[in-house]
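For reference, the structure discussed in these notes is given below.
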Amino acid sequence: MKSFLKFSQAIILLLSLTSCNTADYNNLTEASKQIATYCGTQNVLVSNSTGFFTNDETNAYTITVNNVNIPFDYTIRRVASHCAQLLYNNLSNEQRKDKDVIRVTINLKGRSETSDFKMAKLKDAETYIKRGHVILEYIKKGDYKSLHDALDPKYFTEDGYNNFQRLILEKNKNVFAKIDTIVDDGFSFDMINGKQFAQVYSHTPIDTLNVRYRFLFDLRKSSFAALEIK
């Protein structure tokens, strides 16, 4: 079985090499390492080829991840979205234009799920992920005015925000001040109460804690609508 696995990996890597230069291959290799680290597994295959052994003509980069080991109750789709984003982040602008989608297959015991992520959506997600990082920087610095001003007033009351600031942010300001590393945890685009939103997720390892965040953005207005902290 191990020999067959190594042989299969060699075939996939060879197929990648035949259609991309060394720089391209290095991008895929780096993305593979980042995906492996995030997913807690060394069983990751990344390729810029689709359909060599099937009739599938989808123009896609492909990611296959086996034996995912993440210490959170994330959905497979969310894990897949972050894997796609990691690959997208490593691609050059030319490479992003070369394919239509990034296809991610997550294999668990007795279950396999494949998700496609369009390049345009990954670009949009990148924008909202970066905005989430800015918001976390406000929280780290205790810059509550900038946080307040960043929020769309349509989605909160002053009393609600003041309670959030006092009971969550100020109460735990010494913890948030230690934010050093932000780990992104995927994204989704969802219809909620008849409106389209982008949801981006992340967590910050702080001492023995993993503080988790969910950011909500109104797609129509491109506005920051809500923040959930666990």
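Measuring against 18 Å, Cα to Cα, the residue pairs Lys97/Lys123; Lys121/Lys221; Lys33/Lys97; Lys195/Lys221; Lys141/Lys171; Lys33/Lys178 contain Lys33/Lys97; Lys33/Lys178 as the ones spanning a longer distance.
Solvent-accessible area per residue in the range 132-230 equals 55 Å², computed with a 1.4 angstrom probe and all protein chains kept. Close amide-amide hydrogen proximity is noted between Asn43 and Asn66, each under 5 Å apart and 5 or more residues distant or on a separate chain (H modeled in the peptide plane; Pro and chain starts excluded). A Gaussian network model of the chain, with springs between Cα atoms under 10 Å, assigns the largest mean-square fluctuation among Ala60, Ala150, Ala84 to Ala150. The apolar share of the surface of the range 114-230, taken as the fraction of accessible area on carbon and sulfur atoms (1.4 Å probe, ligands and nucleic acids excluded), comes to 50 percent. Relative to the longest principal axis of the Cα atoms of the chain, the long axis of helix 2-18 lies at roughly 80 degrees.
For the range 110-181, a crude dipole built from +1 on the beta carbon of Lys and Arg and -1 on the beta carbon of Asp and Glu, taken about the Cα centre, is about 180 debye to the nearest 20. Work out the FRET efficiency for Asp207 and Asn162 from their Cβ-Cβ distance, taking R0 = 30 Å, and round it to the nearest 0.05. Efficiency at R0 = 30 Å is approximately 0.60.
Relative to the longest principal axis of the Cα atoms of the chain, the long axis of helix 119-141 lies at roughly 40 degrees.
Of the trypsin sites (Lys or Arg not before Pro) found in the range 78-162, those that fall in a DSSP loop while having at most 10 other beta-carbon atoms within 10 Å are Lys109. Each residue of the range 85-95 is assigned a 3J(HN,Hα), and the resulting list reads 5, 4, 5, 4, 4, 8, 7, 6, 4, 5, 5 Hz, derived from the Karplus form 6.51 cos²θ - 1.76 cosθ + 1.60 (θ = phi - 60°), x at Gly and Pro. Taking 15 Å as the cut-off, the amide N atoms of the range 83-101 that come nearer than this to a point 7 Å along the Cα-to-beta-carbon line of Phe189 belong to 85, 100-101. In sequence order, the range 196-204 has phi-based couplings of 8, 10, 9, 10, 10, 10, 7, 9, 10 Hz under the Karplus curve 6.51 cos²θ - 1.76 cosθ + 1.60, θ = phi - 60°, and Gly or Pro positions carry x. Considering only alpha-carbon pairs that sit under 8 angstrom and 6 or more positions apart, the relative contact order computed for the chain is 13 percent.
Over the chain, the hull volume per residue, using the convex hull of the C-alpha atoms, is 152 Å³.
Of the residues Val200, Val101, Ala120, the one whose Cα sits farthest toward the positive end of the charge dipole of the chain, with +1 on the Cβ of Lys and Arg and -1 on the Cβ of Asp and Glu, is Val200.
The values are calculated or read from the model by the stated rules, or taken from the named source; none is laboratory data. Keep in mind it's a predicted model, so treat the numbers as computed, not measured. Every residue, glycine as well, gets a Cβ built from its backbone with ideal geometry; the counts of neighbours run over all protein chains shown. Calculation scope for accessible area: heavy atoms of the full protein, side chains included, ligands and nucleic acids excluded. Shrake-Rupley method; radii C 1.70, N 1.55, O 1.52, S 1.80 Å.
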